[in-house]
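*Asks:* Questions regarding the structure given below will be posed in turn.
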Amino acid sequence: MYKPRRDDRRRAHRRSPAPVQGRTFRIPAVGADVVLVGYFSAKQKDFETVMASAATTLAAHGAQVVAQIVQRRGVSDGGARKMGLPYSSRTLLTYGKVREVALRCEETDAAAAIFTTPLTGRQRRTLTAMLGRPATSISDVLTAG
């Protein structure tokens, strides 16, 4: 026998996602230690100059780059048409590289991890939770400063 749905049944409540923290990240103090992380495809040969330029820009904004980590997307992993895509949509990097960044942040007691590529809100939240410190892109730092 068919029973109609009761009107007094509680409706499911969805929690709204937590606000994105660090969207406009400011370097906390002059001389704050940060870890600079770059993500580049194998086609991009000038990644060293991009990393050096980003380190110089961060130094001009009062940060001290204590470590630089580079993730290269090679041709052998997925072909040339996938080189521009991130390894992971959640973290941008491979999980081994994320663990390496987290370890380097712990060793140097860095205030933040700054990425040379833009991060989505989901990537920012996930990386902040995984690293235990703010993770943001250099463009966010420049627009906030």
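*Asks:* Given a Förster distance of 22 angstrom, what is the FRET efficiency for residue 53 paired with residue 95, based on the Cβ-Cβ distance and rounded to 0.05?
*Replies:* 0.20
*Asks:* Right, something else. So between residue 120 and residue 72, what do we pick up on full extension, going 0.36 nm a residue minus the alpha carbon distance? Walk me through the intermediate numbers first.
*Replies:* Details: separation 48, 0.36 × 48 = 17.28 nm, distance 1.92 nm.
Additional length available on full extension: 15.4 nm.
Where a number appears in this text, it was derived from the coordinates with a stated rule and is not lab data. Predicted model, so just to flag it, every value in this text is computed and none were measured. All Cβ positions, glycine included, derive from the backbone under ideal geometry; neighbour counts span all protein chains shown.
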